[in-house]
1. So residue 234 ticks every box in (1) over 17 Å from residue 88 (Cα atoms); (2) under 26 Å from the mean Cα position of the chain (by Cα); (3) surrounded by 20 or more Cβ atoms within 10 Å (Cβ to Cβ) but one. Which box is left unticked?
2. Identify, by number, the condition in (1) modelled with pLDDT under 75; (2) touching a strand residue (DSSP E or B) at 6+ places or on another chain (Cβ under 7 Å); (3) within 23 Å of residue 254 (Cβ to Cβ) that residue 71 doesn't meet.
3. Taking helices (runs of 4 or more DSSP H) that fall entirely within segment 98-175, which contain at least 2 residues that are farther than 17 Å from residue 212 by Cα and at pLDDT 95 or above?
4. Return yes when residue 192 is assigned by TED's automatic domain parsing to the domain that holds residue 140, part of a loop (DSSP other than H, G, I, E, B) and either modelled with pLDDT under 95 or within 18 Å of residue 133 (Cα to Cα) (or both) and no when it is not.
5. Would you point out which residue out of 181, 137 is closer than 23 Å to residue 105 by Cβ, surrounded by 15 or more Cβ atoms within 10 Å (Cβ to Cβ) and touching a residue at least 12 places away in the same chain (Cβ under 8 Å)?
6. Tell me which of these residue 221 doesn't satisfy, since it passes every other one: (1) in contact (Cβ under 8 Å) with a residue 12 or more places away in the chain; (2) out of contact with any helix residue (DSSP H, G or I) (no Cβ under 8 Å at 6 or more places or on another chain); (3) loosely packed, with under 12 Cβ neighbours inside 10 Å.
7. Please work out if residue 299 is farther than 22 Å from residue 378 by Cα, part of a helix (DSSP H, G or I), touching a helix residue (DSSP H, G or I) at 6+ places or on another chain (Cβ under 8 Å) and modelled with pLDDT under 90.
């Protein structure tokens, strides 16, 4: 028999038993859909963390000199004690870093953790729990902030401890509906501050707004809140390729400023957003180690179901097999017929699972802040799994059909 004839008969059998074929493939469909959807969500989250969250926290083409590392993974108690004993980052440290990096686009100091939150009041309106940051003017350059209204903070504001602030777009929108916010006075902890600028909207990341904050000169911030324990130096370089060499020079400058000997470890951290990205990738590696086990279980169960259904089909079509052998069909023809039917059935399940997983991933991306990016390799793996199941679990039914005695088969009812 020609392969096209074998394939046509296989498709005909699937179409003739649509409901049975669907329930036969349900295990494979669910497993493949799960694989495609979960991989799409994880890949989307990886890209999202890399492109949005990491850049929003540290800044593009930027790195930070910190007292405490930008480390989200658990640390030992001894390591935490060593971190707590580190000296604070000071303006003198910032001057040393600035002198070591004359090619830097901007070097800023900002208040670190814990970031205070306060009610921002204008007339009879109150916006609660707004993060308040004390910064030097260069911080606005490091974070790529664009001023939508008014002006940014300046060096004069910093040196004269001016009671002025720049607010995020969400603060301006919620407090000043249909009113220009620039020039208005707001109250923070009972003190009056004048809004001199509004930063253009940056949007939300996983439902978390990056537009609800207040920036004030670091000197004025320290008058209001005192010095933070984790003041941070941020450095922005002209290009991504400049970051690594600049980090090495900043580290050398900090070691000299802190009087560290060659055999002493750093009492500070020099980090990029890679810490956030690497932590997230560690989590996703754990997920990727679990996914194959879950998918394998579903695939094996689906394959066993297909094999049982095909064995039932052999019993149901015993007379058909006898007739075909009587008119000249060889064992190879019969074996090939059932083998192709099994592969076609499992491949169809894989294709439906891919479409289902793709659709579910798009639904998740549309209905929630979770991003989803379907990767072609996951689609290829899913389709390969579908075909592989047909090959592995189709051999026994095909051989059993081929071994049927034609005389016995013709007697079957």
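1. (1)
2. (2)
3. So the answer is 155-159.
4. Here the answer is no, as residue 192 does not meet what is asked.
5. 137
6. Evaluating residue 221 over (1) in contact (Cβ under 8 Å) with a residue 12 or more places away in the chain; (2) out of contact with any helix residue (DSSP H, G or I) (no Cβ under 8 Å at 6 or more places or on another chain); (3) loosely packed, with under 12 Cβ neighbours inside 10 Å leaves (3) as the failure.
7. It is false that residue 299 is farther than 22 Å from residue 378 by Cα, part of a helix (DSSP H, G or I), touching a helix residue (DSSP H, G or I) at 6+ places or on another chain (Cβ under 8 Å) and modelled with pLDDT under 90.
Here's the yes/no breakdown for (1) modelled with pLDDT of 90 or more; (2) within 20 Å of residue 112 (Cβ to Cβ):
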site: 228; (1), (2): no, yes
site: 241; (1), (2): no, no
site: 246; (1), (2): yes, no
site: 262; (1), (2): no, no
site: 274; (1), (2): no, yes
site: 277; (1), (2): no, no
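The values are calculated or read from the model by the stated rules, or taken from the named source; none is laboratory data. Just so it is clear, the model here is predicted, and its values are computed rather than measured. In this analysis, Cβ positions are derived from the backbone assuming ideal geometry, glycine residues included, and neighbour counts consider all displayed protein chains.
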